[in-house]
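Input: a single structure, listed below in structure tokens.
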Amino acid sequence: MRFDDFDKQMRVYEESLDQYILPDMYIVVRLDGRSFTKLTKEICKFEAPFDIKFRDLMVDTVKSVMECGFRIIYGYTESDEISLLFHPDDNTFGRKVRKINTTLAGEASAAFSLALGRVATFDSRVIPLPNKEKVADYFIWRQEDSHRNSLNAHCYWALRKDGANQNEATLELEGKDVPFKNELLFKKGINYNDLPSWQKRGIGVYYKDVKKEGYNPISNETVMTDRRELIADYEIPLGDEYRRFILNFID
Ligand SMILES: Nc1nc2c(ncn2[C@@H]2O[C@H](COP(=O)(O)OP(=O)(O)OP(=O)(O)O)[C@@H](O)[C@H]2O)c(=O)[nH]1
Ligand SMILES: [Mg+2]
């Protein structure tokens, strides 16, 4: 058989599971650390429930994937997950799902592992969303997940630090509502409202115009130049204000 014919015959198998995101759909990708419970609690022993070193590793990973070749306009991280919003016109890899997933999981895993100094990996899923409102809903959903997880984690570790074992702490919180959990923390001297915003709402990463001081060697002068820089926002807005904030990236 001629190679060209053989190649065509084999490609049919290789491409049988290929999928593409339709042109009018918004693309969000969520990356999630694999077995990060073991990594954070047993292997690296990060501070619980929140560790600034772990937070900074996640933020640096978000920045790294936002600059790896796709047009990503907003990044969001909470816990061990990262959500990425693509520019509506992004057409990298012809919007092929497998290329988007494998490339981003690879880039995130490599960046995080290099910074940590040991192997850690992320999985990836593409979430196609039909309109701007659903994009905003998506990010509000992840922010609410962050809130819930954060309240629960603070309660769990407050109980653990008071001597409860894994089972006792889990049982104590099972089926309990938000006021109960707030009260539990309050009794232990923690006012949930006063905890840092990034622990409750997560962190946004996006481009911002900043003024940078530079040096012009010809005129021998210090000059101010405009630069677009990726910044991490540790106090992102909440609720309706967050909806407007998200819509701003795609309007
Ligand atoms: N100690 C510590 N743990 C953290 C921190 N941030 C996230 N984690 C942990 O990261 C884990 C993330 O949870 P999951 O993604 O649901 O669990 P996983 O073990 O990664 O499992 P898979 O994602 O299914 O592979 C939880 O155990 C969190 O407690 C942190 O700042 N400090
Ligand atoms: Mg995980």
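The values are calculated or read from the model by the stated rules, or taken from the named source; none is laboratory data. Keep in mind the model is a prediction, meaning the values are calculated, not measured. No Cβ is skipped: glycine too gets one built from the backbone with ideal geometry, and neighbour counts run over all protein chains shown. Accessible surface is based on the protein model in full, side chains and every heavy atom, while ligands, DNA and RNA are left aside. Shrake-Rupley method; radii C 1.70, N 1.55, O 1.52, S 1.80 Å.
Laid out as a table, the results:
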{"read-out": "Pairs with Cβ under 9 Å, 6+ apart, first in the stretch 36-61 and farther than 23 Å from Glu107 by Cα and in contact (Cβ under 8 Å) with a residue 60 or more places away in the chain, second within 13 Å of ligand 2 (Cβ to nearest atom) and open to solvent by less than 80 Å² (accessible area, probe 1.4 Å)", "value": "Ala48/Thr40; Pro49/Asn149"}
{"read-out": "Scope the stretch 1-27; condition in a helix (DSSP H, G or I) and surrounded by fewer than 10 Cβ atoms within 10 Å (Cβ to Cβ); matching residues", "value": "Phe3, Asp4, Asp5, Val12, Tyr13, Glu14"}
{"read-out": "Index of the failed condition, Tyr207 passing every other in (1) modelled with pLDDT of 95 or more; (2) open to solvent by less than 80 Å² (accessible area, probe 1.4 Å); (3) farther than 30 Å from Lys63 by Cα", "value": "(3)"}
{"read-out": "Count of residues meeting criterion [closer than 16 Å to Tyr20 by Cα and surrounded by fewer than 17 Cβ atoms within 10 Å (Cβ to Cβ)] in the stretch 97-111", "value": "4"}
{"read-out": "Test for Arg55: is it of a type in the set (Lys, Arg) and over 16 Å from the mean Cα position of the chain (by Cα)", "value": "no"}
{"read-out": "Test for Ser64: is it open to solvent by 40 Å² or more (accessible area, probe 1.4 Å), away from ligand 1 (no atom under 16 Å from the Cβ), in contact with a helix residue (DSSP H, G or I) (Cβ under 6 Å, 6 or more places away or on another chain) and of a type in the set (Gly, Ala, Ser)", "value": "yes"}
{"read-out": "Cβ-Cβ under 8 Å pairs, at least 6 apart or on other chains, the stretch 216-232 side without any contact (Cβ under 8 Å) to a residue 24 or more places away in the chain, far side hydroxyl-bearing (Ser, Thr, Tyr)", "value": "Asn216/Thr222; Glu221/Tyr215; Thr222/Tyr215; Val223/Tyr215; Arg228/Tyr207; Glu229/Tyr207"}
{"read-out": "Answer residue from the stretch 28-52, given it is open to solvent by 40 Å² or more (accessible area, probe 1.4 Å), assigned to a helix (DSSP H, G or I) and not acidic (Asp, Glu) and is nearest to ligand 1 (Cβ to nearest atom) among those", "value": "Thr37"}
{"read-out": "Of all residues making up the stretch 161-187, the number that are in contact (Cβ under 8 Å) with a residue 12 or more places away in the chain and closer than 30 Å to Leu57 by Cα", "value": "8"}
{"read-out": "Selection count, the stretch 116-146, where residues are more than 14 Å from the chain's Cα centre (by Cα) and either within 16 Å of Phe86 (Cβ to Cβ) or of a type in the set (A, V, I, L, M) (or both)", "value": "11"}
